[in-house]
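The values are calculated or read from the model by the stated rules, or taken from the named source; none is laboratory data. Everything quoted here is computed from the prediction, not taken from an experiment. Glycine gets a Cβ as well: all are built from the backbone with ideal geometry, and neighbour counts include every protein chain shown. To get the accessible areas, we keep the full protein, side chains included, count just its heavy atoms, and leave off ligands, DNA and RNA. Shrake-Rupley method; radii C 1.70, N 1.55, O 1.52, S 1.80 Å.
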Amino acid sequence: MGPRFIGSFRISTRVDRVAYRFDLPDELSQIHNIFHVSQLRKCVSDESAVISLDGIQVDESLNYVEKPIAVLDRKTEALRNKEVKLVKVQWHHWRGSEWTWEPEDEMRKHYPDLFTSTDFKDEV
């Protein structure tokens, strides 16, 4: 899965030409507070796009954890030498874009309970 972004946080200092130190809340104290500009996105002051820090889970590798809610659709992408099955997954904590296309085999491996519906059983 691709990267996920949270916050908007205040920049406390510019560390380098391409790095900034942020004032992070206590809930994120285990995360290093200096970030390279490639990891940052411009913050739009749209309150509906802000993810609340309440309920955000961080795993042992300090990655932001999101839970899939449902599989909405499926499709097959034809590449040069093979076909890849994709599923459209709705995520729990997202604001704005609430779904992504993910590889079906990866989602079945990590979240088998999403595929209990008869609509998404393996085809013969």
Run Tyr64 past the list (1) exposed (fewer than 12 other Cβ atoms within 10 Å of the Cβ); (2) modelled with pLDDT under 85; (3) hydroxyl-bearing (Ser, Thr, Tyr) and report the number of the one that doesn't hold. (1)
Can you name every residue in the stretch 9-34 that is exposed (fewer than 10 other Cβ atoms within 10 Å of the Cβ) and over 19 Å from Ser61 (Cα atoms)? Arg10, Arg17
Which of the numbered conditions does Lys109 fail, given that it passes all the others? Conditions: (1) surrounded by 14 or more Cβ atoms within 10 Å (Cβ to Cβ); (2) at pLDDT 80 or above; (3) not polar (S, T, N, Q). (1)
Working only within the stretch 67-84, note down all residues that are open to solvent by less than 100 Å² (accessible area, probe 1.4 Å) and more than 30 Å from Glu27 (Cα to Cα). Val71, Leu72, Asp73, Arg74, Lys75, Thr76, Glu77, Ala78, Leu79, Val84
Among (1) closer than 20 Å to His92 by Cβ; (2) at pLDDT 85 or above, Asp23 falls short only on (1)
Could you go through the stretch 35-52 and let me know if any residue there is surrounded by 10 or more Cβ atoms within 10 Å (Cβ to Cβ), among the small types (Gly, Ala, Ser) and modelled with pLDDT under 70. yes
Is at least one residue of the stretch 74-87 at pLDDT below 90 and touching a Leu at 6+ places or on another chain (Cβ under 8 Å)? no
